[in-house]
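None of the figures in this text is laboratory data; all of them are computed from the coordinates on show. Predicted model only: the values in this text are computed from it and were never measured. Positions of Cβ are generated from backbone atoms using ideal geometry, with glycine treated the same way; all protein chains shown enter the neighbour counts.
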Amino acid sequence: MSLKKLPEISEVDGFEGTKIKQIFHPHNTLNGIRYSIAHFSLEKGKKSQLHKMKSSEIYYILEGEGILHVDDDKHQVSADDSIYIPPMAKQFIENTGNSKLKFLCIVDPAWKQEDDALLE
């Protein structure tokens, strides 16, 4: 078993304009998992960079409001929404609310920098 406490996880600046805490990833978990899960936060009025990934993703919105852009679609998102993003979909998320947008991102197979391509 592995127990992680969010306040104890180091935060890094994401190249997409986000703050990221990598909760579970094969490199930091003893259980041999193949997926990753990270906590993201995005300041009011900010947006991530347009990118695409080789892996599929699921976003789970914890708090705040935003618009998730996936290929040619736009989805209004808020707390308790879950969104599946297929591999190779062009995507970015913008914070349209009055506070931080916080969400979990589950990536399968696990996130790797070389599998995440910036498009802008």
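Computed on the chain, with alpha-carbon pairs under 8 angstrom and 6+ residues apart, the relative contact order is 31 percent. Modelled spin-label separation between ASP71 and HIS27, with each label point placed 7 Å from Cα along the Cα-to-Cβ direction: 3.1 nm. Let a ≥ b ≥ c be the square roots of the eigenvalues of the Cα gyration tensor of the stretch 13-120; is it rounded (a/c under 1.5), or, if not, prolate (a/b larger than b/c) or oblate? Prolate is the answer for the stretch 13-120, as a/c is 1.5 or above and a/b outweighs b/c. Charge tally around HIS27: other residues with Cβ under 13 Å, Lys/Arg +1 each, Asp/Glu -1 each, net +2.
For the stretch 45-75, trypsin sites (Lys or Arg not before Pro) meeting the loop criterion (DSSP other than H, G, I, E, B) and having at most 14 other Cβ atoms within 10 Å: LYS54. Loop-resident chymotrypsin sites (Phe, Trp or Tyr not before Pro) (DSSP state other than H, G, I, E or B) in the stretch 1-56 with no more than 16 further Cβ atoms inside 10 Å of their Cβ: PHE15.
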